[in-house]
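Nothing in this text is a laboratory measurement; each read-out follows from the coordinates by a stated rule. These numbers were taken from a predicted model, which means no experiment stands behind them. As a convention, Cβ positions derive from the backbone with ideal geometry for all residues, glycine included, and neighbour counts pool all protein chains shown.
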Amino acid sequence: GSEFLARISQLPPATQAELLTFATAGDYTTPTCPSCGTKMVLRTAKKGANAGDEFWGCRNYSRGCRRTFQIKSE
């Protein structure tokens, strides 16, 4: 890792900026469903003991993928 970073620091600033833009492209704040590979959706539980709590749910719920993630509270 440190050798890789050292090599990047030797590149011209414009090239470093291009690499940074490429490396951080996309949405890294939304989890990806490990079952089907699509981005998940922030949802709110409507029923049960968790009613009102937010969670991440798979976009493909209607197609049979039932994967969810709880949101950790601080």
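A few comments on the model shown:
- Here's how it looks for THR38: its modeled amide H is under 5 Å from those of CYS33, which are all 5 or more places away or on a different chain.
- When only Cα pairs below 8 angstrom with a gap of at least 6 residues are kept, region 35-74 shows a relative contact order of 34 percent.
- For ARG59, distant residues with modelled amide H under 5 Å away: VAL41
- In the chain, excluding the sites themselves, the longest stretch lacking any of the trypsin sites (Lys or Arg not before Pro) that are in a DSSP loop with at most 16 other Cβ atoms within 10 Å is 1-45.
- Per residue of the chain, the DSSP helices (runs of n ≥ 4 H) give a summed -39500 (n - 2.57) that works out to -7500 deg cm²/dmol at 222 nm.
- Mean sequence separation of contacting Cα pairs (under 8 Å, at least six apart), scaled by the length of the chain, corresponds to a relative contact order of 18 percent.
- Semi-axes of the equivalent ellipsoid of the chain are 38, 14, 10 Å, computed as sqrt(5λ) over the eigenvalues of the C-alpha gyration tensor in descending order.
- Nearest-20 debye value, the chain charge dipole, Cβ charges on Lys, Arg, Asp, Glu: 600 debye
- Between the listed residues PRO31, SER2, SER62, the Cα displaced farthest toward the positive end of the dipole of the chain, a dipole computed from Cβ unit charges relative to the Cα centre, is found at SER62.
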